[in-house]
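Colleague: What follows is a structure written as structure tokens; I'll ask about it next.
The values are calculated or read from the model by the stated rules, or taken from the named source; none is laboratory data. Please read these numbers as outputs of a predicted model, since none were measured by experiment. FYI the Cβ positions are ideal-geometry reconstructions off the backbone, even for glycines, and counts take in every protein chain you see. In case anyone asks, the SASA skips ligands and DNA or RNA and just uses the protein heavy atoms, side chains included. Shrake-Rupley method; radii C 1.70, N 1.55, O 1.52, S 1.80 Å.
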Amino acid sequence: GESSTIIHYDEGGKRSLHAFFEKLEAASNGKKKVRILHYGDSQIEGDRMTSYIRQRLQSQFGGNGPGMIPAMNVYNTQTFKQTYSDNFTRYTAFGGPKLKSRRYGSMNTAARFTPEYDSAQMAQITTIKEAFIEIEPSKSAYERARSYNNVKLFYTSCVKPCSIKVYQNGNLLHEDSLINDGRYHVMPLSFPGNPGKLKYVFSAAVSPTVIGFSLEGDFGVQVDNIGMRGSSGTFFGKIDQPTAAKMYDDLNVEMVIMQFGGNSVPYLKDSSGVRNFARNFKGQLQTLKKLRPSASVMVIGPSDMSTSSANGFVTYRMLPYLVDEMRKATKDVGACYWDLYRAMGGYNSMPSWVEQGLAGRDYIHFTPKGASIASQLFFDAFAAEYVKWKQGN
């Protein structure tokens, strides 16, 4: 029905979506860059959903490359290839080892090749350690994501001298030292064409915190995939806000897609649990708007999810109510809501997705084919809003 193809918003959400369309066009016409962050749970990990949305947007408005990729990628992805030395440790804001500094930047994940030390420990540590991260384009990536000619290294908390060597396809290309004032910095490299395989070799007694890399073209749209397995989207309290805000400004973030809710569904026992979740989530959206007031916020709600019962697989009891409460919370803060649950077909639609090979046997996660169909449904709704706005102008 109609509700599956539309994006829900009130006046504030509509204004901010239209402002975003203007920025998209300006980036495309004025050879500028505009950035979309796609935060989500395991439904998007490894660039699922994001990769299709990125390809469609970049084809229409210009732009190349996958945008930000983590310092240490641990999810299977078709979009790039990455290897790293085994002395690197991954830290995340959402499960597993955490950074004491909480300076994750925009990715909510970072990597170091030594622990974080206090100043007394730091004075003792003098042995230089070496570590590397290697990145190259993947042949299985969408065409636009495969070609990029700017690579930026993002880092923070560099407090001891750290030398860096960058090798391009095995040849030394660039030698540098990271800025060791402990603050957030970017080290950019530009190339005449796609750089191929790049290997960043770090040498320091104490590791900086590597936030990630951005692989991008010269102008147009960048769309970052930020998959956070097990997260319910309530992460802003767990990260250092000034680092995130600075990075959002640097990246010129003008839209943030928040795709969450699914991880909480199995644990929601009653309606007050749902209302608590929605209230919490609303607080996250408000924090996000404070961090980056100019950005438009788009929520993609949870998909249908089934639990097994005497009558086969049925929709989790609290899911329809969760969808309604999340949509309300989203509209209240002047953000936009796209209803993935209804777009799939609503109540008990998951079994038919499973039967068609569009979702896994867990009755929760899309297969790559299903993720691509779900993202097409989202893009159609987004494009319809854009066309409406264009005709109105």
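Colleague: What's the number of the only condition in (1) assigned to a loop (DSSP other than H, G, I, E, B); (2) surrounded by fewer than 20 Cβ atoms within 10 Å (Cβ to Cβ); (3) touching a helix residue (DSSP H, G or I) at 6+ places or on another chain (Cβ under 7 Å); (4) not polar (S, T, N, Q) that Asp304 fails to meet?
Modeller: (2)
Colleague: Collect the residues in the range 230-279 that are in contact (Cβ under 8 Å) with a residue 60 or more places away in the chain, part of a loop (DSSP other than H, G, I, E, B) and either closer than 26 Å to Thr156 by Cα or of a type outside the set (Phe, Trp, Tyr) (or both), keeping them in residue-number order. Reasoning before the result, please.
Modeller: Of the residues in the range 230-279, the ones in contact (Cβ under 8 Å) with a residue 60 or more places away in the chain are 230-233, 235, 238-240, 243-244, 246-248, 250-263.
With the extra rule that they be part of a loop (DSSP other than H, G, I, E, B), the set shrinks to 230-233, 235, 239-240, 252, 260-263.
Once the filter is applied, which keeps residues that are in contact (Cβ under 8 Å) with a residue 60 or more places away in the chain, part of a loop (DSSP other than H, G, I, E, B) and either closer than 26 Å to Thr156 by Cα or of a type outside the set (Phe, Trp, Tyr) (or both), the range 230-279 yields Gly230, Ser231, Ser232, Gly233, Phe235, Ile239, Asp240, Asn252, Gly261, Gly262, Asn263.
Colleague: Anything in the range 307-354 that is open to solvent by less than 40 Å² (accessible area, probe 1.4 Å) and either in a strand (DSSP E or B) or in contact with a strand residue (DSSP E or B) (Cβ under 6 Å, 6 or more places away or on another chain) (or both)? List them, or say none.
Modeller: So in the range 307-354, the residues open to solvent by less than 40 Å² (accessible area, probe 1.4 Å) come out as 312, 314-315, 318-320, 322-323, 325-326, 329-330, 333-341, 343-344, 346, 349-351, 353-354.
If the condition is that a residue be open to solvent by less than 40 Å² (accessible area, probe 1.4 Å) and either in a strand (DSSP E or B) or in contact with a strand residue (DSSP E or B) (Cβ under 6 Å, 6 or more places away or on another chain) (or both), then Gly312, Val314, Thr315, Thr330, Ala335, Cys336, Tyr337, Trp338, Leu340, Met350, Pro351, Trp353 are the ones that fit.
Colleague: Shifting gears a bit: May I ask you to list the residues in the range 280-301 that are without any contact (Cβ under 8 Å) to a residue 12 or more places away in the chain and in a loop (DSSP other than H, G, I, E, B)?
Modeller: Pro293
Colleague: Can you confirm whether the range 212-231 contains a residue that is at pLDDT below 95 and either among the hydroxyl-bearing types (Ser, Thr, Tyr) or over 27 Å from the mean Cα position of the chain (by Cα) (or both)?
Modeller: yes
Colleague: Of (1) touching a Ser or Thr at 6+ places or on another chain (Cβ under 6 Å); (2) open to solvent by less than 60 Å² (accessible area, probe 1.4 Å); (3) of a type outside the set (D, E, K, R), Gln78 satisfies all except one. Which?
Modeller: (2)
Colleague: Checking the conditions here, which among Lys282, Lys388 is farther than 29 Å from Met247 by Cβ and either basic (Lys, Arg) or open to solvent by 50 Å² or more (accessible area, probe 1.4 Å) (or both)?
Modeller: Values: Lys282 fails: farther than 29 Å from Met247 by Cβ.
The conditions single out Lys388.
Colleague: Look at Ser16 and say whether it is in a helix (DSSP H, G or I), of a type outside the set (A, V, I, L, M), touching a strand residue (DSSP E or B) at 6+ places or on another chain (Cβ under 8 Å) and within 26 Å of Lys246 (Cα to Cα). Don't jump to the end; show me each part of the working.
Modeller: Values: in a helix (DSSP H, G or I): yes; of a type outside the set (A, V, I, L, M): yes; touching a strand residue (DSSP E or B) at 6+ places or on another chain (Cβ under 8 Å): yes; within 26 Å of Lys246 (Cα to Cα): yes.
Answer is yes for this residue.
Colleague: Hey, another quick one. Before we move on, is Gly357 open to solvent by less than 60 Å² (accessible area, probe 1.4 Å), in contact (Cβ under 8 Å) with a residue 60 or more places away in the chain, of a type in the set (Gly, Ala, Ser) and not in a helix (DSSP H, G or I)?
Modeller: Numbers: open to solvent by less than 60 Å² (accessible area, probe 1.4 Å): yes; in contact (Cβ under 8 Å) with a residue 60 or more places away in the chain: no; of a type in the set (Gly, Ala, Ser): yes; not in a helix (DSSP H, G or I): yes.
Against the criterion (open to solvent by less than 60 Å² (accessible area, probe 1.4 Å), in contact (Cβ under 8 Å) with a residue 60 or more places away in the chain, of a type in the set (Gly, Ala, Ser) and not in a helix (DSSP H, G or I)), Gly357 does not qualify.
Colleague: What's the total number of residues in the range 54-69 that are outside any strand (DSSP E or B), of a type outside the set (D, E, K, R) and on the phi < 0 side of the Ramachandran plot? I'd like the intermediate steps shown before the answer.
Modeller: The first filter runs over the range 54-69 and keeps only residues outside any strand (DSSP E or B), leaving 54-66.
Okay, now just the ones that are also of a type outside the set (D, E, K, R), so 55, 57-66.
Adding the requirement that they be on the phi < 0 side of the Ramachandran plot leaves 55, 57-61, 64, 66.
The qualifying residues number 8.
Colleague: Considering every residue within the range 3-23, establish whether at least one is modelled with pLDDT of 95 or more, open to solvent by 50 Å² or more (accessible area, probe 1.4 Å), of a type in the set (Phe, Trp, Tyr) and touching a Lys or Arg at 6+ places or on another chain (Cβ under 7 Å).
Modeller: Yes, some residue in the range 3-23 is modelled with pLDDT of 95 or more, open to solvent by 50 Å² or more (accessible area, probe 1.4 Å), of a type in the set (Phe, Trp, Tyr) and touching a Lys or Arg at 6+ places or on another chain (Cβ under 7 Å).
Colleague: Follow-up question, since we're still on this one. I'm trying to understand the selection: among the residues of the range 166-177, which are in a strand (DSSP E or B) and farther than 24 Å from Tyr117 by Cβ?
Modeller: Within the range 166-177, the first condition is being in a strand (DSSP E or B), and the residues that meet it are 166-168, 171-177.
If the condition is that a residue be in a strand (DSSP E or B) and farther than 24 Å from Tyr117 by Cβ, then Val166, Tyr167, Gln168, Asn171, Leu172, Leu173, His174, Glu175 are the ones that fit.
Colleague: Where residues in the range 169-206 are of a type in the set (A, V, I, L, M) and free of Cβ contacts under 8 Å to residues at least 60 places away in the same chain, which of them is surrounded by the fewest Cβ atoms within 10 Å (Cβ to Cβ)?
Modeller: My answer is Leu172.
Colleague: Looking at the range 82-91, is at least one residue more than 17 Å from the chain's Cα centre (by Cα), under 20 Å from Thr243 (Cα atoms), hydroxyl-bearing (Ser, Thr, Tyr) and part of a loop (DSSP other than H, G, I, E, B)?
Modeller: no
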